[in-house]
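Written below as structure tokens is the structure these notes are about.
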Amino acid sequence: MSIDLLVQALLNGFGLAMVYVLVALGLTLIFSILEIINFAHGEFYMLGGYVTYYAFAVFGLNYFATLGFAILAVGLAGVVAERLIFRYLRGKTLNAFIVSLGLLWVMQASAQLSFGVLDKPVPSAFSGIVRAFGLVISVERLVVSLSAIVLIAALYLFLRWSRPGRAMRAVAQDADAAALQGVDIELVSALGFGIGCALAGGAGGLLAPVFAVSPAMGALPVVKAFIIIIIGGMGSLPGAVVGGLLLGSVEGLGSLFMGSAAVSVLGFLVVILALLVRPRGLFGGA
Amino acid sequence: MEPSRGFGAPIAGLALLAAGVVALPQLTRDSYYLDVATTILMNLALTMSLRLQVSTGQLNMAHISFMGIGAYASALLVTRVGISFWAALPIAAVVAALLAFPIGGLALRVTGPYYFLITFAFSEVVRLFFNNFFVDLFGGPSGLVGIPKPSALPWFGRALTFTTKLELYTLMAALLLVTAAVLVRLEHSRFGLVASAIRQGDLLAETLGVNVFRYKLTAYVVGSLVAGVAGAHSHQVLHSSDFGLEPMVLLVVFTVIGGTGSVWGPVAGTVLMTIAGELLRELHHYESLVFGVVLILTMLWAPDGLVALPGKLARRRRAGVSLAP
Amino acid sequence: MPLELRSVGRRFGGLQAVADLSMTVAPSTIHGLIGPNGAGKSTVFNLITGVIPLTSGAVFFKGERISGLRPAEICRLGIARTFQATTLFREYTVLQNVLVAAHLLSAPGLGSALLWSSRYRERERRARERGLALLQTLHLAGLADQVAGTLPHRDQKALALAMVLATGAELVILDEPMAGLAAQEKAETTSVLQRLREQGLTVLLVEHDMKAVMGVCDTVTVLDHGLRIAEGTPREIQANPAVIEAYLGVEEPGA
């Protein structure tokens, strides 16, 4: 087994992993601010995919403009969901889980009724491959990975340096203390949920040309997102990145040696191990 | 002993359940209705046993996996080893319970959302195991078919057969009533008192001398045993997707929407939602839509479940002021 | 001597919350643990009751090592505690709370619970009687069927005390038993604790109200920044210059 093959496998794994990290970041951001696990998170991913399909494939809008539009649109949808539903469930994890399930069904059914159940392919905006250091990567994959990294960096900068971002971090750490210091919890909650969904929508837009859009396309990414945040630590953003890289490596290397079912089992076994050894995850707080 | 908070009167509840179960076949012999009713009974066994675990503060997403383990175990014992259903049933139950010890033992080292996630991971491992490994044994993605119905049982000189829908219904009814009696009894005993205390504050319970882990594990194993028995009973055709996330999620919905505060909550939830599902079945996608909306609204307006609603409304009217949740 | 701490220490990452603490709680006494905020008092309680593990030293109770045991086992050996934020089973009634706490004294197995035998029923009946009697001694009997979460603060505190007593513990550890109580209520609590001491109970408590502490305790240990800085009778402590200095600049909490 040559080193080139291994590195290539890793690279393949990483490429997609970055996008799943985006989904995971959205999920963990929502969890850290509202303390709820949004099971319908994959549906916002799916929404981003369909927005991309219609704006880019059907209307012919520029790909990056579409992506921006998808992020904004899905973010807005997230804010609506929070204002109508999730704001009343902050901290109530079990009830929120059930409600998010209801939302999942509503969004799935709506998608099936509106768009039909069949896959809709989305053409790639980029063609060709890049060769470097004996490794191969398609331009499309490269763009997807780099875009994901850009979005992750943007999120980091937002949370680190902007006022709303710092307010969100304060609420994530200790909501009561933040409220006492004058942070508008309602605003942070809505914004946080919106941004979390926007990230998922962006991920959906990025992977739409890679995998085609369908109402059920959110199921797999959300499972991967869960695995990532378990490994990295719920509520931890650097954890999500590291968790994503780990998952990408495991899956990339794993697919060299075993079939996809076994790779999935391996992923879950890693999750179980992570939860037993260090339930908070690599970076998680108490 | 002290009744659980919520719908009390355990004997009355059991009597009502038994009356309903016995009355149904008198009202109709229609094959379709008996089928639905049998499914409801099986789901009742599953949700009531899930609720036992929830009463100690754990949401076990692998509950349905034990149903699958019971189902595959009894199917293989009957088709491959050649023993009768009646011998396979207890063995399958024991297999489920035995596996519950290590899985529960590991999962219960963590709590809250982590427990939820770890049991979900276990359930996926089990599902993938049945779906993709040992294909000649478990049938792989196509599953197992042609599992025979239970053989005739000698009974005071005659033979009880289990081939018609009515007979299968009766079998499931017997299982369910025994299960319900056991679970109701547990709930209204010292076990139920301590179990709910654990849910309200497991650290407090621990410092008062309660072996919290042992209680939770007991609930886990007993619940898994019931799930295993329910699984062994009910299938002529087995497919790994019957034991995956979607049916598990339905179980959680049935349990929570009825209310986990009382042993009868899951009964209300299961019956109502199964009937609603059947009524909406014609509508295909609209079924999910309506279900989803109902779920969202119920959780927002009746967070303790439907069974707790009358009590809450009565208290509110009496007190004139809303009680803190 | 019931409770003995030998060089007990606890580190949290870089912070040494408790350092090399040795102290002894004599039987049938009321022993106070005081110190400025952050001195490590609640940590000491958590260490003794097994809620968090020690990083150094050991705790002995009646001559047996209890450090390293789980909280439930420590309770079974005779130590029960309350929590600073009055922790109760809020959805349960007052009597139900006491019955849970008393389960140790009459814990039937799963089997006999299922069988509903007459012996089981008898045990349950006696447990109920004992529970009500205990509530009577703390003037809570009239509230037996009231939901714990709806009780006024002083009754919640009394219930928390009833629960630790219901476990049959010989040593009760009370975390701020007088917090939030009016002067009259504090005096009542003091007399209750003194009565319990006469009956042979040992009490270890943390309290911020200096007057109350000096009024009820036989011995006082003073902690500051995780270290023991003084130990003795209330009079000795009040005159101790190191203690006065530790509290200097800290507003003395009034009664």
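Each value in this text was obtained by applying a stated rule to the coordinates, not by laboratory testing. Computed from a predicted structure; not experimentally measured. Note that each Cβ is placed from the backbone with ideal geometry, even for glycine, and that neighbours are counted across all protein chains shown.
Okay, here's what the table says:
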{"item": "Proximal lysines to B:LYS312, defined as alpha-carbon separation beneath 30 angstrom and excluding residues fewer than eight positions away on the same chain", "result": "A:LYS92, B:LYS216, C:LYS157"}
{"item": "B:TRP264, B:TRP155, B:TRP86 arranged by Cβ crowding within 10 Å, fewest neighbours leading", "result": "B:TRP155, B:TRP86, B:TRP264"}
{"item": "Candidates per chymotrypsin sites (Phe, Trp or Tyr not before Pro) in segment A:20-103, loop by DSSP, up to 12 other Cβ within 10 Å", "result": "A:PHE59"}
{"item": "Antiparallel bridges, percent of DSSP beta bridges restricted to chain C (to nearest 5)", "result": "55"}
{"item": "Cα gyration tensor category, rounded, prolate or oblate, for the protein assembly as shown with a/c compared to 1.5", "result": "oblate"}
{"item": "Peptide ranges B:296-302, B:18-24 listed from the most packed, as the mean C-beta count within 10 angstrom indicates", "result": "B:296-302, B:18-24"}
{"item": "Chain C pair-distance distribution - Cα-Cα, 10 Å bins, rounded %", "result": "7, 29, 34, 21, 7, 2, 0"}
{"item": "Residue-by-residue Karplus 3J(HN,Hα) for segment B:71-80, coefficients 6.51, -1.76, 1.60, Hz, glycine and proline x", "result": "5, 5, 4, 5, 4, 5, 4, 6, 7, 9"}
{"item": "Burial order of peptide ranges C:71-77, A:131-137, C:20-26 (average beta-carbon count within 10 Å, highest first)", "result": "C:71-77, C:20-26, A:131-137"}
{"item": "Residues A:SER260, B:SER123, sorted so that the one with the fewest Cβ neighbours within 10 Å comes first", "result": "A:SER260, B:SER123"}
{"item": "Order of C:THR167, B:THR260 - criterion: other Cβ atoms within 10 Å of each residue's Cβ, fewest first", "result": "C:THR167, B:THR260"}
{"item": "Dipole moment magnitude, nearest 20 debye, chain A about Cα centre, only Lys, Arg, Asp, Glu C-beta charged", "result": "260"}
{"item": "Principal-axis tilt of helix B:85-107 within chain B, Cα atoms, nearest 10 degrees", "result": "40"}
{"item": "Between segment B:203-260 and segment A:205-219, the alpha-carbon center distance in angstrom", "result": "34"}
{"item": "Cross-link reach list, lysines versus A:LYS120, counting only Cα pairs under 26 Å and skipping chain neighbours closer than eight places", "result": "A:LYS224"}
{"item": "Estimated [θ] at 222 nm from DSSP helical runs (n ≥ 4, -39500 (n - 2.57)) normalised by residues in the protein assembly as shown, nearest 500", "result": "-20000 deg cm²/dmol"}
{"item": "Proximal lysines to C:LYS62, defined as alpha-carbon separation beneath 27 angstrom and excluding residues fewer than eight positions away on the same chain", "result": "C:LYS41"}
{"item": "Amide hydrogen neighbours beyond the local backbone of C:GLN146, cut-off 5 Å, H modeled", "result": "C:VAL94, C:LEU95"}
{"item": "Cα-projected label distance for C:SER22 with A:ASP119, points at 7 Å along beta-carbon direction, nm", "result": "7.5"}
{"item": "Under-5 Å amide H pairs with C:LEU33, H placed in peptide plane, nonlocal only", "result": "C:LEU205, C:VAL206, C:GLU207, C:THR221"}
{"item": "Segment A:122-189 versus segment A:1-65: alpha-carbon centroid distance in Å", "result": "11"}
{"item": "Histogram of C-alpha separations across chain B, 20 Å bin width, %", "result": "30, 59, 10, 0"}
{"item": "Counting DSSP beta bridges with both ends in the protein assembly as shown, the antiparallel % (nearest 5)", "result": "65"}
{"item": "Residues with amide H under 5 Å from that of A:ALA212, placed H, sequence gap 5 or more", "result": "A:VAL122"}
{"item": "Whole-Hz couplings from phi, Karplus 6.51/-1.76/1.60, listed for segment A:15-22; x for Gly and Pro", "result": "x, 6, 4, 4, 5, 5, 4, 4"}
